[in-house]
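A short worksheet on the structure shown next.
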Amino acid sequence: MTTMPKKLLAALLCAGVTACGGVRQASSGETADDGGAKGGTLTVLAISDFGHLDPARNWTMPDMMFGTRLLYRTLTTYKAGSSEIVPDLATDLGTSADGGQTWTYTLKDGLKYEDGTPIRAADIKYNVERSMSPDISSGPDYAQKLLVGGTAYKGPYDGKSLDSIETPDDRTIVFKLKRPAGEFPYTVTLTTFSPVPKAKDTKVEYDNRPFSSGPYKIEKYDRGKELVLVRNEHWDRKTDPVRLALPDRVHVKQGQDKDTVTDRLIAASGADAAAVAWGPAGPQSLSKILPDPRAKQRLFTGVTGCTSTLVFNMNKKPLDDPKVRQAIHHAIDKESVQTAMGGPNMADIATAYLPPAMTGGARQDVYGIPPVGDVTKAKALLAEAGVTVPLKMRLTATTGSSNNVEVAIQESLKKIGIEVEINAVDGSVYYDLLGDQSKADEMGVYGWCPDYPNGSSFLPPLFDSRGIKKTGNSGNVAYFKDAAIDRKIDDIYAIIEKNASNKAWQELDSEIMRHLPQAPLYLEKRGYLVGKNVVGAVNHPVWAAQLDYAVIGVKK
């Protein structure tokens, strides 16, 4: 999903659960060491309510993390603080006998809802089906796009079922897809693939009271004010490879003032000693946190998994020439861009499209350009392209923002004779403008966050030409068209083996970088402040560096 570049984050990366708070991750079927942190109440201080908790509608990174870690389970999920997938409700990561076009999952024994009734394969089928109902909008649409008949299906409320999902018995579910999808074990980590029993479905009202298949259930939900979770006594840790469910209660207090939250967590007195901030620390909060050694030790920061880029509108001359795009890329002083974002505490310099969470931490760098740019090489590339300077271009930005990043780009390109006019538009129409072929400027700052850590959720949305429209484009707003790249995308979709798939996406990343429809700029960071009695805090690289609620506990 796209994300507008924001100035977000902070200072200090915690490498793992043990280092952060003494809580060890359990292997499948094992009872994990709770580090003496079992019990108590974890308080979450939030500015606003969740967008959605209905698993068919939940499609923002922090909300997905909260829902799938505490309230409901999915067929597969992620290890704590890791992009590695493991079986969750399912016994394995899925099997396919036809090259990735049909996927079969078997549910574990002993899975139960909050009332003690068994979780059935038909309940997962039902939630996938209800996610396609026009009445249940705004959730992940991967199932609808992938499943045979999905785009025409309108949900179960008229009594119709989707034939491409089969449940031959209570523990088996089979998905029949339109194309080979080697990435499907990642796809079923999404909230769409969690169970909802038909008898408990209240349609749009389900948002207010999801029925729990996870370690907690809702005791009280006063939207915009508070959410109180208590233990689901029918959840069995022996079936769960990830969730430690350490607190007895989770109390989300909404409608809090952001600055007040920071001040309360720095002081960390009373109940706030066992509290965490739901939202990331911005620059103003960091100015209070970083000078305080005790508070700084309680700031947990990670890279979001989102990459921000400079988009080149390849419909505009001379940006249809790769040498011109490469010249601009060489000219950009990315250190100045990083400074504009708030420095190394707020952003890392990006040299490829795929973020480190999707490359096993490896940093790809096709061009090897110095962080401050290479003006000499940039001028040479412009000359090779036969471009006469001065050259004028427009760069789309937003009103009401400092536009420091855009100014840093403007100053960089001035050194090679390109005069950049910053075209500031209202934020509400920013993406509409970039996505309109007839109105888009030559350049714009863009960002992409994957829905799961596989290249299929990153590179195809940005660079597959087959989805380009006249208006309403999202992802491929460079209007990049290359039939050979489209064919390679299809080839990689069919690779089932995880390591081979990841390697193929990384190789495609490097190949697209040589075309350079977008120039990588920076990787955002987010930092979260916790109280002094909170243990097990770790950022999750998949869910935009949000704290992983599967393993957070509080000291007794």
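The values are calculated or read from the model by the stated rules, or taken from the named source; none is laboratory data. Computed from a predicted structure; not experimentally measured. FYI the Cβ positions are ideal-geometry reconstructions off the backbone, even for glycines, and counts take in every protein chain you see. What goes into the accessible areas is simple: the full protein's heavy atoms, side chains included, and nothing from ligands, DNA or RNA. Shrake-Rupley method; radii C 1.70, N 1.55, O 1.52, S 1.80 Å.
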**OP:** Quick one: in segment 337-363, of everything that is at pLDDT below 95 and touching a Leu at 6+ places or on another chain (Cβ under 7 Å), which residue is most open to solvent (accessible area, probe 1.4 Å)?
**Re:** ASN345
Original post:
Which of (1) over 21 Å from ALA347 (Cα atoms); (2) touching an Asp or Glu at 6+ places or on another chain (Cβ under 9 Å) does ASP436 not meet, given it meets every other one?
Top reply: (2)
Subject >> Those residues of segment 249-263 which are open to solvent by 20 Å² or more (accessible area, probe 1.4 Å) and part of a strand (DSSP E or B), in sequence order >> reply: ARG249, HIS251, LYS253
Original post:
crowded, with 18+ Cβ neighbours inside 10 Å and more than 16 Å from LEU75 (Cβ to Cβ), is that true of GLY150?
Top reply: yes
Subject >> Filter result for LEU246 (open to solvent by less than 40 Å² (accessible area, probe 1.4 Å) and assigned to a loop (DSSP other than H, G, I, E, B)) >> reply: yes
Original post:
Which one is most open to solvent (accessible area, probe 1.4 Å), of the residues in segment 419-464 that are part of a strand (DSSP E or B) and closer than 16 Å to SER308 by Cβ?
Top reply: TRP448
Original post:
(1) over 21 Å from GLU524 (Cα atoms); (2) exposed (fewer than 15 other Cβ atoms within 10 Å of the Cβ): which one isn't true of ILE416, the others all being true?
Top reply: (2)
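Every residue in segment 318-360 that is polar (S, T, N, Q) and either farther than 30 Å from LYS503 by Cβ or more than 24 Å from the chain's Cα centre (by Cα) (or both), please.
Matches in segment 318-360: GLN326, SER336, THR339, ASN345.
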**OP:** Quick one: ILE47 ticks every box in (1) open to solvent by 10 Å² or more (accessible area, probe 1.4 Å); (2) hydrophobic (A, V, I, L, M, F, W, C); (3) modelled with pLDDT of 95 or more except a single one, so which number is it?
**Re:** (3)
**OP:** Kindly indicate which of PRO134, PRO118, PRO168, PRO140 is modelled with pLDDT under 95, open to solvent by 40 Å² or more (accessible area, probe 1.4 Å) and either within 16 Å of PRO197 (Cα to Cα) or not charged (D, E, K, R) (or both).
**Re:** PRO134
**OP:** Could you please find all residues in segment 482-496 being open to solvent by 30 Å² or more (accessible area, probe 1.4 Å) and without any contact (Cβ under 8 Å) to a residue 40 or more places away in the chain?
**Re:** ASP482, ALA483, ALA484, ARG487, LYS488, ASP491
Original post:
With respect to THR104, is the statement that it is out of contact with any helix residue (DSSP H, G or I) (no Cβ under 9 Å at 6 or more places or on another chain), without any contact (Cβ under 8 Å) to a residue 60 or more places away in the chain and either open to solvent by 40 Å² or more (accessible area, probe 1.4 Å) or more than 28 Å from ILE496 (Cβ to Cβ) (or both) true?
Top reply: no
Original post:
Is it true that ALA378 is open to solvent by 50 Å² or more (accessible area, probe 1.4 Å), under 15 Å from ARG325 (Cα atoms), out of contact with any Gly (no Cβ under 7 Å at 6 or more places or on another chain) and not in a loop (DSSP other than H, G, I, E, B)?
Top reply: no
**OP:** Could you please tell me which pairs satisfy a Cβ distance under 8 Å, a separation of 6+ or placement on different chains, a first residue in segment 442-463 that is polar (S, T, N, Q), and a second residue that is open to solvent by 10 Å² or more (accessible area, probe 1.4 Å)?
**Re:** ASN454/TYR186; ASN454/MET358; ASN454/ASN502; SER456/TYR186; SER456/ILE492; SER456/TYR493; SER457/TYR186; SER457/PRO450
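Every residue, every condition in (1) over 20 Å from the mean Cα position of the chain (by Cα); (2) crowded, with 17+ Cβ neighbours inside 10 Å; (3) outside any loop (DSSP other than H, G, I, E, B); (4) at pLDDT 95 or above, yes or no:
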| residue | (1), (2), (3), (4) |
| --- | --- |
| ARG466 | yes, no, yes, no |
| GLY475 | no, yes, no, no |
| ALA500 | yes, no, yes, no |
| ALA504 | yes, yes, yes, yes |
| ASP509 | no, yes, yes, yes |
| LEU521 | no, yes, yes, yes |
| ALA545 | no, yes, no, no |
| VAL551 | no, yes, no, yes |
**OP:** Name the single residue, out of those in segment 161-214 being hydroxyl-bearing (Ser, Thr, Tyr) and not in a loop (DSSP other than H, G, I, E, B), that is nearest to LEU146 (Cα to Cα).
**Re:** THR187
Original post:
What residue, of LYS316, LYS334, is of a type in the set (Lys, Arg) and buried (at least 24 other Cβ atoms within 10 Å of the Cβ)?
Top reply: LYS334
**OP:** Output the qualifying pairs, or none if there are none: Cβ atoms under 6 angstrom, residues six or more apart or on different chains, first residue in segment 391-419 and under 20 Å from LYS439 (Cβ atoms), second residue of a type in the set (S, T, N, Q).
**Re:** ARG394/ASN423; THR396/ASN423; ALA397/ASN403
Original post:
Here are some conditions: (1) more than 30 Å from TYR186 (Cβ to Cβ); (2) open to solvent by less than 10 Å² (accessible area, probe 1.4 Å). LEU310 meets all but one. Which one does it not meet?
Top reply: (1)
